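Student: Supplied in structure tokens, the structure appears directly below.
All of the numbers you see were taken from the coordinates with simple rules; none came from a lab. Predicted, not measured: the structure shown is a model, and the values here were computed from it. All Cβ positions, even for glycine, are placed from backbone atoms using ideal geometry, and neighbour counts span all protein chains on display.
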Amino acid sequence: MNVIVLLKQVPDTESIIEIADDGASIKTEDVKWVVNPYDELAVEEALQVVEKNGEGQVTVLSAGIKQAETAIRSALAMGAHEGILIEDERLERADTTATGQVLAAALKKIPHDLIIAGQRAVDGDNYLVPAIVAESLDLPILPVIIKESIADGKITCEQVIQGGTMVVEADLPAVITTQRGLNEPRYASMPKIMKAKKKKIASLSLDEIGITDDSLFSNPKIRVESLQVPQKSRAGIIVEGGTPAEKADNLLRHLREDAQVI
Amino acid sequence: MTTERDSIEFDALFVGGGVSSLAGAIRLMQMAKEKAMELEVGIIEKGSEIGSHSIMNPIALQELLPDYDSLNCPIEQTVRGDGFYYLTRKKAWRVPMVPRQMHNQGFLIISLARFARWLGEIAEEMGVNIFPGFSGQEVLYGEDGKTVTGVRTGDNGLDANGKAKSNFEAGIDILAKVTVFGEGARGNLSKSLIEKLGLSSQCLPQVYETGIKEVIQLPEENFFSHNPVNDIHTMGYPLGLNVPGGGFLYQMKDNRIAIGYLTGLCYEDPGIDPYDLFMSFKRHPFIFDIIKGGRVVEQGARTVSSGGHYTIPRLATDGAVLIGAAAGIHNTPALKGIHVGMKSGMLAAEAIAEALEKKDVSGASLERYRRLLDDSWVHPEIYEGRNFAPALAMKGMKKWIHLGAQYLSKGRGIIDPLPLDADYETLRVLNTAPTETTDNMDYDGSLMVDKLTGVYLSKTQHREDQPSHLIIKDPQLCIDTCYPTYGSPCTRFCPAKVYELETDEITGQRQLKLNPSNCLHCKTCDIKDPYQNINWVCPEGSGGPGYTTV
Ligand SMILES: Cc1cc2nc3c(=O)[nH]c(=O)nc-3n(C[C@H](O)[C@H](O)[C@H](O)COP(=O)(O)OP(=O)(O)OC[C@H]3O[C@@H](n4cnc5c(N)ncnc54)[C@H](O)[C@@H]3O)c2cc1C
């Protein structure tokens, strides 16, 4: 079983983000870079799939610049077997279409039974790349899942829908994307970190995967026009309610509707 | 329950990835190269990234990496001129003579976080294994119960009740021929090691100051744009002259400044809140004029071990050494610990390389480190300040007579050594009923921020569902004894609102509520709590402040 994890390096969600002078990108000097949290869930799930299956390997694939190697190495330290970086300066600012197509082009050369991606990268919040990859490879996609199981060449997944869950199934190979609750990502242990340090991360150029059309980058379909920092309002609210149960209901409503965190 | 633990071995393990350890590890790799030895060297750092603004005497850096400039050392500014001011409530008087220990002209202004990151990269290139996100939780001893054999790292994946979650990962035993404790001021393992082996039985108690710092972004046109002075120190308001402490302000790059306030933890008044003092300092007209129009971009807090020479413990024992601020190596009159900390790490490395070569890592063999330190420039620097902390802790004229005599006699003063009390012993009993903490300062959320916004700006984070890393030995004592006697000073001395007093809605019972996830790892509570009822241990790896520039 060859499981591929699509992984992106993103600014730590605790980093304080400042907008660069061009108004459309962020200052990166003091940003701390981490593995996109949804991709950590993907790495964990991939490891569990291989462990359950008894054989196979987990390959981590990322498209970006050299520094993304540290993110790949974090995945190797969790236990992934191999890491591949498609490396090109132009990928730093690539739009979702370009990124999706680049990953798909590489995947055409890498054997895969299952592709697991984070539901979205917490920096751009586009939710698009996994779908573009699936489309380009003509694979089914089961997005935002909280559970999966594999049997007889099929993958069965649970998705959360308004007020309940839905069970969906597809033939492998397929693309799935992760939701919080799918698993608790494991910690990297020190011996595994030592081992991961010594592993070689394969590097692929765009040429090598057959991407020669520069217009993908020079003439992107989507351009970031400007970025704004949200108005800081850190004032708290006191949740009203006559009984504890009512308070809890109101709190849930605030979290869901106002804060939109659950 | 016994847990299966992995173990891993190193020749030398540095606990804590601060500047002292990093300089030590680099020096050790240099020595290994000179001696053609193969050494496995590791550093564990509890923070998730190796890493406040400081003025650094470059002497140790010049010795360690003479070509630091071409290696792109991140230097913010060079000190152009010092300003030393005495503040009254409304006015500032420039002290015409800056004490000789505080001449900083030509020294480097650095961001300690950036500088440490840079040293970390150099160390890694030389082959040092750095493990960010791993905390030392326990010192491991050999069968004799006194030879240090390494440290055990903290467990990951425990829930708030201490039960293992599905991703539980037991801490591992890191075994090392020599373990180097470079945990900074009041290191939790250093504390237990010093206690267990009696390493400071011949010493005066260590004393501390709590510093709260900020980085402020100023408008393009600001005080420093045309000022020969870019390094300001103050004494006086708001703390007054009885308690040690004072303010500082340095220029950084890109119209940013570092500003901070230190409060000596030997204070007596349980009502003191170091954070409020810092806010009052910022509101002083002289200071406010410099920072107006600015915005706080980062905040942090940390204690400094300021006791000096007579408080430094024995530095070597079987299988282990103590370096830097963890050992109280600090030049108190100059307010500087970086260069002496780095040098202590470097000299420890020299002694370790020789001990490993001779295959003798006993305390007697590692003791050579202390001799090297005593023969280096560190000793006269620290020795001159040997009676400074006790004199500073005095009140009224006495203080100035002692300080004056010390200034003229290169530190000896009138009594040598002067006695010193531990910080937890100095609080006086509240003579009024305890007041609930008042938070009535006006904060604008931008230049003046409250404690919780400060916590946010420190980028501190801890996984919520984990056991508390602040251990209250006897919670009842907090309510029954401490509250009526001192009015729960923890609710004030903590700069991050970790401690709150709550009254149960139904029973009307008071209780202490902890918010460990706010913690900035400054360790003030562990030091100042009058009953020594609070024990600070490392939280799960990677937790803690995420300073990038302070
Ligand atoms: C407000 C303030 C202002 C200062 N200004 C100056 C100045 O201008 N100039 C100057 O020279 N000095 C200054 N100092 C002093 C200086 O910061 C210290 O002397 C210096 O940082 C000491 O270096 P260190 O490596 O010994 O310890 P630290 O820098 O404290 O590093 C210790 C490291 O160990 C880690 N650690 C601790 N315990 C564990 C554990 N159990 N497991 C794993 N990791 C652990 C910590 O996370 C930390 O990264 C100032 C200090 C303060 C608080």
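Student: Of the listed pairs B:LYS91/B:LYS399; A:LYS198/A:LYS221; B:LYS46/B:LYS497; B:LYS336/B:LYS513; A:LYS197/B:LYS253, which have alpha-carbon separations greater than 31 Å here? Walk me through the numbers on the way to the answer.
Tutor: Details: B:LYS91/B:LYS399 23 Å; A:LYS198/A:LYS221 39 Å; B:LYS46/B:LYS497 22 Å; B:LYS336/B:LYS513 36 Å; A:LYS197/B:LYS253 35 Å.
As for pairs spanning more than 31 Å Cα to Cα, those are A:LYS198/A:LYS221; B:LYS336/B:LYS513; A:LYS197/B:LYS253.
Student: May I ask you to order B:345-358, B:14-27 by the average number of other C-beta atoms within 10 Å around their residues, highest value first? Please list the in-between numbers first.
Tutor: Details: B:345-358: 23.1, B:14-27: 30.9.
Order by mean packing, descending: B:14-27, B:345-358.
Student: How high is the FRET efficiency between A:ARG223 and B:ASN255 when r is their beta carbon distance and R₀ equals 25 Å, given to the nearest 0.05? Let's see the in-between values first.
Tutor: Numbers: r = 30 Å, r/R0 = 1.22.
Step by step, r from the Cβ atoms, then E = 0.25.
Student: What is the distance in Å between the Cα centroid of the stretch B:57-81 and that of the stretch A:87-122?
Tutor: Answer, in whole Å: 42.
Student: Taking a cut-off of 13 Å between Cα atoms, list the aspartates and glutamates near B:LYS90, but don't count ones fewer than 8 places away on the same chain.
Tutor: B:ASP289
Student: For the pairs A:LYS195/B:LYS196; A:LYS66/B:LYS451; B:LYS191/B:LYS213; A:LYS66/B:LYS213; A:LYS8/A:LYS147, note any where the Cα-Cα span goes beyond 29 Å. Spell out each step's value before the answer.
Tutor: Values: A:LYS195/B:LYS196 35 Å; A:LYS66/B:LYS451 39 Å; B:LYS191/B:LYS213 25 Å; A:LYS66/B:LYS213 34 Å; A:LYS8/A:LYS147 22 Å.
Table pairs above 29 Å Cα-Cα are A:LYS195/B:LYS196; A:LYS66/B:LYS451; A:LYS66/B:LYS213.
Student: For the stretch A:238-253, in order, what is each residue's ³J(HN,Hα) by Karplus, 6.51 cos²θ - 1.76 cosθ + 1.60 with θ = phi - 60°, in whole Hz (x at glycine and Pro)?
Tutor: With the stated coefficients, the stretch A:238-253 comes to 9, 6, 8, x, x, 10, x, 5, 5, 4, 4, 4, 5, 4, 4, 5 Hz.
Student: Something else: Please list, in chain and number order, the residues 5+ apart from B:LEU501 or on another chain whose amide H is under 5 Å from its amide H, with Hs placed from the backbone.
Tutor: Close amide H contacts, sequence-distant or interchain: B:LYS513.
Student: Check cross-link reach from B:LYS473 to the aspartates and glutamates: straight Cα distance under 16 Å, and skip same-chain residues fewer than eight apart.
Tutor: Result set, ordered by chain and number: B:ASP526, B:ASP529.
Student: A further question on this structure: With a ≥ b ≥ c taken as the square roots of the eigenvalues of the C-alpha gyration tensor of chain A, please select rounded if a/c is under 1.5 and otherwise prolate if a/b is larger than b/c or oblate if it is not?
Tutor: Oblate is the answer for chain A, as a/c is 1.5 or above yet b/c matches or exceeds a/b.
Student: Then there's this: Given the rule -39500 (n - 2.57) for each run of at least 4 DSSP H residues, summed and divided by the residues of chain A, what is its mean residue ellipticity at 222 nm, to the nearest 500 deg cm²/dmol? All intermediate terms of the calculation are to be shown ahead of the outcome.
Tutor: Numbers: 7 runs with 71 residues, N = 262.
Calculated from helices alone, the mean residue ellipticity at 222 nm is -8000 deg cm²/dmol.
Student: Next question. When a/c is below 1.5 the answer is rounded, else prolate if a/b is larger than b/c, else oblate, so apply that to the stretch A:7-88 with a ≥ b ≥ c taken from the square roots of the Cα gyration tensor eigenvalues. Please report the intermediate quantities before stating the final value.
Tutor: Working: a/c = 3.34, a/b = 2.26, b/c = 1.48.
Since a/c reaches 1.5 and a/b is larger than b/c, the shape of the stretch A:7-88 is classed as prolate.
Student: If you take the square roots of the eigenvalues of the alpha-carbon gyration tensor of the stretch B:176-282 and sort them as a ≥ b ≥ c, do you get rounded (a/c under 1.5), prolate (a/b over b/c) or oblate? All intermediate terms of the calculation are to be shown ahead of the outcome.
Tutor: Values: a/c = 3.09, a/b = 1.69, b/c = 1.83.
It is oblate, given that a/c is not under 1.5 and a/b is not larger than b/c.
Student: Turning to a different aspect of this structure: Each residue of the stretch B:521-533 in turn: what ³J(HN,Hα) in whole Hz from Karplus with 6.51, -1.76, 1.60 and θ = phi - 60°, glycine and Pro shown as x?
Tutor: 6, 7, 6, 4, 5, 4, 8, 8, 3, x, 9, 6, 8
Student: Non-local amide H neighbours of B:PHE10 (under 5 Å, H modeled in plane, Pro and chain starts lacking H): which ones?
Tutor: B:LEU175, B:ALA176, B:LYS177
Student: How are the alpha carbon pair distances in the protein assembly as shown distributed across 10 Å bins from zero to the largest one, expressed in percent?
Tutor: Whole-percent P(r) values from 0 Å outward: 2, 12, 21, 24, 20, 13, 6, 1, 0.
Student: Tell me, what HN-Hα J-couplings in whole Hz come from the Karplus equation 6.51 cos²θ - 1.76 cosθ + 1.60 at θ = phi - 60° for each residue of the stretch B:8-14, using x for Gly and Pro?
Tutor: So the J values, rounded to whole Hz, are 8, 10, 10, 6, 9, 10, 9.
Student: Okay, moving on. Using alpha carbons only, how many angstrom separate the centre of the stretch B:103-127 from the centre of the stretch B:464-533?
Tutor: A separation of 36 Å, based on Cα centres.
Student: How shielded is B:165-175 by partner chains, expressed as the average number of their Cβ atoms within 10 Å of its Cβ atoms?
Tutor: Taking all residues of B:165-175 together, the mean is 2.
Student: Looking only at the stretch A:1-125, where both bridge partners belong to it, what percent of the DSSP beta bridges are antiparallel (to the nearest 5)? Write down the numbers at each step before the final one.
Tutor: Numbers: 4 of 19 bridges.
In the stretch A:1-125, approximately 20 percent of DSSP beta bridges are antiparallel ones.
Student: Can you give the calculated 222 nm mean residue ellipticity of chain B, where each DSSP H run of n ≥ 4 adds -39,500 (n - 2.57) and the sum is split over every residue, rounded to the nearest 500 deg cm²/dmol?
Tutor: One gets -7000 deg cm²/dmol as the mean residue ellipticity at 222 nm.
Student: Where both residues lie in chain B, what percent of DSSP beta bridges are antiparallel, nearest 5? Write down the numbers at each step before the final one.
Tutor: Details: 63 of 89 bridges.
That works out to approximately 70 percent antiparallel.
Student: Enter the Cα centre distance for the pair the stretch B:164-226 and the stretch B:298-343, rounded to the nearest angstrom.
Tutor: One Cα centre to the other: 10 Å.
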